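Worksheet: the structure to be examined is printed underneath.
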Amino acid sequence: MANKADKFYYNNFLQAVQCCIDAACFLEETFNNYDVETLKDNIIKMHEFEHKADGVHHEMSAALAKAFVTPLDREDMARISADIDEVADTIEEVLQRLYVDEVKEIPQSFKVFAGKIVECCNLLKNVLEELPTFKKPKKLKEMILALGALEEECDKLYLEETLNLRKENTDVLLIIALRDTLYKLERCADACEHVCDDIEMIVMKNT
């Protein structure tokens with residue numbers, strides 16, 4: 001377990017990932033009630049989650065710059081913090097893509113995909129909650145594998161739905177816009193996995 005002095009760092013990671021969960025849930029809500037007329041307002045709301053995540057990331061950077069001793073290598077903690085922040089960034093980019101392309105309707109599969117991004121973020125939170133036990137990593141490794149399996153599901157959904165776009169639409173500009181949004185969604189899952197890659201490296205270095 002983390003000692004009192006280390007709790008700030010682990011709690012900061014959890015605060016950051018909660019911003020990602022909030023953003024992912026809002027993305028899912030936006031998709032389930034998709035309305036191009038309210039998309040601009042939703043982007044403003046989404047940016048609040050991303051901005052909050054930035055603030056948490058900056059708090060970590062400031063603490064690491066002043067710290068004499070940290071619970072993990074300073075560079076590893078900085079990388080984890082930056083990569084969690086990237087998760088929030090990629091989620092925000094999904095709505096931005098739909099807005100600039102003026103997409104009026106989205107396929108049902110996008111709603112499924114958004115649900116999987118919520119799952120990825122929740123699994124990532126579980127991983128980060130377990131991070132203080134990195135020297136006894138059995139459970140941590142199991143959680144990382146679970147997130148990796150979910151990321152593979154997202155990869156398959158991305159490929160299948162990208163192919164379906166060409167089968168189900170004739171508007172080339174719409175196909176391009178929806179394909180780009182699918183790519184942004186797939187990047188959200190990738191970003192979650194990148195945080196787990198960071199943690200796997202920590203486990204490897206310390207066991």
Query - Under 12 Å from the Cα of LYS156 - aspartates and glutamates, other chains or at least 8 residues apart - result: GLU186
Query raised in the report: Any idea what angle helix 74-100 forms with the longest principal axis of the chain, computed on alpha-carbon atoms, 0 to 90 degrees, nearest 10?
Result: 10
**Report entry** Using distinct alpha-carbon pairs, which all enter the 1/r mean, Kirkwood radius of the stretch 7-206 in Å
**Finding:** 17.4
Query raised in the report: Ranked highest first by average number of other Cβ atoms within 10 Å, how do 105-113, 62-70 line up?
Result: 105-113, 62-70
Query raised in the report: So what's the gap between the Cα centers of the stretch 121-149 and the stretch 59-100, to the nearest angstrom?
Result: 18
Query raised in the report: For the stretch 89-207, what is one quarter of the convex hull surface built on the Cα atoms, given in nm²?
Result: 7.4
Query - Per-peptide average of other Cβ atoms within 10 Å, ordering 15-21, 125-131 highest first - result: 15-21, 125-131
Report task. Go ahead and estimate [θ] at 222 nm for the chain from helices alone: -39,500 (n - 2.57) per DSSP H run with n ≥ 4, summed, over the residue count, rounded to 500. Result -> -29500 deg cm²/dmol
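Where a number appears in this text, it was derived from the coordinates with a stated rule and is not lab data. Only a predicted model underlies this, so the values are computations on that prediction, with no experimental measurement involved. Here Cβ is always computed from backbone atoms with ideal geometry, including for glycine, and neighbour counts include all displayed protein chains.
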